[in-house]
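Novice: I have a structure I would like to understand better, so I am pasting it below and will then ask my questions one at a time.
Readers should treat all values here as calculations from the given coordinates under stated rules, not as data from a laboratory. None of these values were measured; they are calculated from a predicted model. Using ideal geometry, Cβ is built from the backbone for each residue, glycine included, and neighbour counts are taken over all protein chains shown.
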């Protein structure tokens, strides 16, 4: 019964697709004329859906993309298929190719990050590199990283800190402390997600399936570290600036109404590279590595420096440590 | 008598139950999640089990192997980066003789180098450069050090930085986090003649956030 009605709907979509003017090209999946929630409503409402979708050319691939599952539980073939659809869609829209990876976590790896508060000078090269690497929305100036300028008299006090400074840095009497997603080992954002669109991978990276996220922003509220960002509008990146080396769970282009955040540059870190912020930092304040490897730099820091984490009492176990010289 | 004993028993039981209950509540409050350090300890690391390598990100790099603080790694080749190395191509006679020629030769060759490193009582050119062999540097005790291994000179004073650099808490990696380890050496980030970092404007300013702040 239900299958029949879905087939009927599909036929309706295909028919309407033939009728509509295709001059606008196949609208990108990231800018669906209707989203998942309203589509369900539309299905419940019967043939209303055909009217809602009449603006979009609705091919079979689009239908499959639309009703795909959660990336977390997809088989390898399903993952390959969705990536093929997304890449084809992007090429159809822009004429350029993207390389979307589905690389899985490496074995025996748990990523950790260390931030040297004494070294950070507030230059903000990390923020710039992050925005460019991760295709963040240029209009709303979305940034995963914040650099907080703090007065040495006040110590680490976020209420008295300034993360919008525009003057020359470093300024006398101030120190600089960067925050981003801490990839907690016990992440509160993952617990609250009602649709399991965000989860922790075995290498410790907390990821989001942008296509499964319903945009409820529970995770944004649950995160004690201001680590998550929401797309209030359709994010845009000028085509020449789009980073084409992407990961499904990382920097592929997002759409309106979904969450995103730092992924430790999953598209880079799983290839052995450092995240863009670490590579860009001119002062060496940022260290990244495998905390299971006793010879790694990050382990040296954990074992030899006086490290601390933010809000440790919450039991979130962030894998992001601060230290001083 | 009996009521006295039983009342004490009741108090003990209540106290025990209370402490158990509060334990349970505390556990729930923190979630029964184990510390990430316990995760590290519980996973013995097998070096060969990681196929991850940063070799492909290090292609075409000119490196030199070093051992510092018992750790083996590579640093970037410095000598090949210095313009007009070897220095002896110009400095083919002792410095004193060159200085005597100065009035005849006009403009100084290294006019743009101004030493802003410690003070004049502590350091001058000769602290690192050898007067008689400009192709190499020398330590306080006169041991010869190549330009590639200039970190050995820095470590004479900056011991803690040196240890942290060898370990990984100071400085920067090249290529990525995976092995093999290639690091930047001291002079890749610090100008040895003026090692402190400059003041400058932040590279990206978030105009939206600045606007929001102005409205407050």
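Novice: In what sequence do A:162, A:139 fall when counting other Cβ within 10 Å, fewest first?
Specialist: Ordered by Cβ neighbours within 10 Å, fewest first: A:139, A:162.
Novice: Based only on Cα atoms, what mean projected area does the convex hull of segment A:197-300 have, in nm²?
Specialist: 8.1
Novice: Moving to a separate point now. When DSSP assigns beta bridges and you keep just the ones with both residues in segment A:68-325, what percent turn out antiparallel, to the nearest 5? Each step should come with its number before you reach the end.
Specialist: Working: 19 of 26 bridges.
Bridges in segment A:68-325 that DSSP calls antiparallel: roughly 75 percent.
Novice: Got a sec? How would B:181, A:73, A:192 order by Cβ neighbour count within 10 Å, fewest to most? Walk me through the numbers before you get to the answer.
Specialist: On the way: B:181 21, A:73 10, A:192 16.
So the ranking, lowest neighbour count to highest, is A:73, A:192, B:181.
Novice: Taking the Cβ of each residue in B:111, B:165 as the centre, tally the other Cβ atoms inside 10 Å and list the residues starting with the fewest. Mind dumping the intermediate values first?
Specialist: Values: B:111 7, B:165 26.
With the sparsest Cβ surroundings first, the list reads B:111, B:165.
Novice: For peptide B:159-165, how many partner chain Cβ atoms fall within 10 Å of a residue's Cβ, on average?
Specialist: Rounded to a whole number, the mean comes out at 2.
Novice: Using Stokes-Einstein with the Kirkwood hydrodynamic radius over Cα pairs, what translational diffusion coefficient do you get for segment A:68-325 at 4 °C and a viscosity of 1.567 mPa s, in µm²/s rounded to a whole number?
Specialist: 68
Novice: For the pair residue B:67 and residue B:100, what calculated FRET efficiency results from E = 1/(1 + (r/R0)^6), where r is the Cβ-Cβ distance and R0 = 41 Å, to the nearest 0.05?
Specialist: In this case the efficiency is close to 0.45.
Novice: When only alpha-carbon atoms count, how far does segment A:53-154 stretch along each of its three principal axes, as whole angstroms with the largest first?
Specialist: Reported extents, whole Å, longest axis first: 62, 39, 24.
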